[in-house]
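Everything below concerns the one structure shown next.
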Amino acid sequence: MSNTEKITPYPKAIDKVEFIYGIADSSLILAQRLSELTGHGPTLETDMALTNIALDLFGQVRSYYQYAAKLIGDNKTEDDLAFFRTEREFKNVLLVEIPNKDFAYVIGKQFLYDQFHYLLLRELQKSEDVTIAAIARKSIKETAYHKEFSSNWIKRLGDGTEESHKRMQTAIDDLWKYSDEFFYPTAADKKMLEEGVGVNLEELRKEYRSNIAEVLEEATLEIPELEYFQKGGKDGRHTEHMGHLLSEMQYMQRTYPGMEW
Amino acid sequence: MVVLENKVEIDKKLFPVLKAVNDPEIPVSIIDMGMVREAVLEENIAKVKITPTYSGCPATDMIAFDVKMALEQAGFNPEVESVIDPPWTTDWITEEGKKALEKFGIVAPVDATSDKKALMGEKHILKCLNCGSTHTEMVSQFGSTACKAQFRCLDCGEPFDYFKCLI
Ligand SMILES: [Zn+2]
């Protein structure tokens, strides 16, 4: 079988590739979750909005993966990285793989991610790697719209009806434990920071917390108090949901390797 | 060389060829959308740099293909490259492009400050293409594609797309 060769893990040697996975995989998995809502959004407008956000993220991810594939060489393509890596090779944060459950969860995940994503991109624009800086400069314009969209919905649901408030608070309470993983640097993150390519993630935590608190307060939602946060996704240790997500996302290429449409 | 309002320089011989290529989703030339960043002719090789509007715009690959086809049919040897730096902005849409957008029924992007006010619902600014009223409001920040927002006219009831400002 020729495709077993393709499934072989990629060389771990390239720190920059691992660093890129750390950024792009989270956007990919979130976009995959969002695309589950296409045709199922609670209203036509939110359906289109969430689908468009997914599309923006997929587009950004393509730019990162094309660059990572170039760094790996060996005729690797963006599709190899999306469809032929195994669960442990994905370096996304746990937050984005959590199932959609209800609209409050969709918005809650989006909000917690967008707020971080925006700060990350703002810093990445200063990266000494010109390609990464260019992708960040392009992406931040789109992510600014995403952030506004999800923050507005947090306020609308939180400060809405009794039911919407209750559901939004439940989602925030449940998702909160995944809201700190962003700021733990992996070995690749540290290496890239040293080289002027990466971002000092730990320095972004305070600003993130205060931006989040501002929106939640306006939404009349309570900020959960928690001492222990979940992490592991950035090191390839995922929740039980990840395997299911990947099997659906990768099904076509795993079944018909190299298929095009 | 033809120099556009957005300061892009395009080889005289390539200009009519590229001008005839439209964005597949909107009948506006890619030149007027500001998507052509450079077009030079070296010997018979047409070196063209194009840029996507939004990262995920599904039309991007299609446009690169259309550009290649058009150049080949005009007898050139095309080398088409996609670039993202500096990132595309609605400021690069030419006056002719804005007119073409509105003729197609999409309200062209206004300046950044007015754009924010219109999207935030602070001010009624955008003009309904059907009746001319500015008594309009946003329905959804994301329209049928990522680059558009959906509005409606509060006077005549007409829904319309607005091409969002991206700067
Ligand atoms: Zn009207």
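The values are calculated or read from the model by the stated rules, or taken from the named source; none is laboratory data. Quantities reported herein were computed from a predicted structural model and do not represent experimental measurements. Virtual Cβ from ideal backbone geometry, glycine too; neighbours counted across all protein chains shown. Calculation scope for accessible area: heavy atoms of the full protein, side chains included, ligands and nucleic acids excluded. Shrake-Rupley method; radii C 1.70, N 1.55, O 1.52, S 1.80 Å.
Details
- Euclidean distance between Cα centres, segment A:45-69 to segment B:34-94, Å: 21 Å
- Full-stretch length increase - A:K190, A:T161 - with 0.36 nm per residue and alpha-carbon distance subtracted: 6.0 nm
- Both radii come from the Cα set of chain B: Rg as radius of gyration, Rh as Kirkwood radius; their ratio Rg/Rh reads 1.03.
- Mean partner shielding of peptide A:58-66, defined as the number of other chain Cβ atoms within 10 Å of each residue Cβ, is 3.
- The magnitude of the dipole of chain A, with charges of +1 and -1 set on the Cβ of Lys/Arg and Asp/Glu and taken from the Cα centre, is near 560 debye.
- Share of pairwise Cα-Cα distances greater than 17 Å in segment B:105-163 is 25 percent (whole percent).
- Relative contact order of segment B:2-92, pairs being alpha-carbon contacts under 8 Å that are 6 or more residues apart, as %: 29 percent
- Considering only alpha-carbon pairs that sit under 8 angstrom and 6 or more positions apart, the relative contact order computed for segment B:43-120 is 32 percent.
- Set of lysines near B:K123 by C-alpha distance (under 26 Å), chain-local residues within fewer than 8 positions excluded: A:K141, A:K147, A:K155, B:K98, B:K99, B:K103, B:K148, B:K164
- Quotient of C-alpha Rg and 2.2 N^0.38 Å, computed over segment B:2-92: 0.97
- Under 5 Å between amide hydrogens, built in the peptide plane, is the criterion, and for B:V139 it picks out B:Q150, B:F151, B:R152 among residues at least 5 positions away or on other chains.
- Positive end of the dipole of chain A (Cβ unit charges, origin at the Cα centre): among A:F183, A:V61, A:T131, the Cα lying farthest that way belongs to A:T131.
- Beta bridges per DSSP, both residues in the protein assembly as shown: antiparallel share near 70 percent.
- Among A:N152, A:N75, A:N52, the residue with the largest mean-square fluctuation in a Gaussian network model of chain A, with springs joining Cα atoms closer than 10 Å, is A:N75.
- Our helix-only sum for chain B, with -39,500 (n - 2.57) per DSSP H run of n ≥ 4 divided by its residues, gives a mean residue ellipticity at 222 nm of -6500 deg cm²/dmol.
- Dimensions of the protein assembly as shown from C-alpha coordinates, computed as largest minus smallest value along each principal axis and given longest first, are 65, 60, 41 Å.
- Computed with a 1.4 angstrom probe on protein heavy atoms, the A-B interface buries about 2100 square angstrom of accessible area in total.
- Only Cα pairs under 8 Å and 6+ residues apart enter the sum, and on that basis the relative contact order of segment B:103-167 stands at 33 percent.
- Karplus-derived 3J(HN,Hα), 6.51/-1.76/1.60, for each residue of segment B:144-155, Hz, glycine and proline x: 5, 9, 4, 7, 10, 10, 9, 10, 9, 8, 7, 8
- Residue by residue along A:135-144, Cβ atoms of other protein chains within 10 Å of the local Cβ number 4 on average.
- For chain B, built as a Gaussian network whose Cα springs stay under 10 Å, the top-fluctuating residue of B:M35, B:M138, B:M62: B:M62
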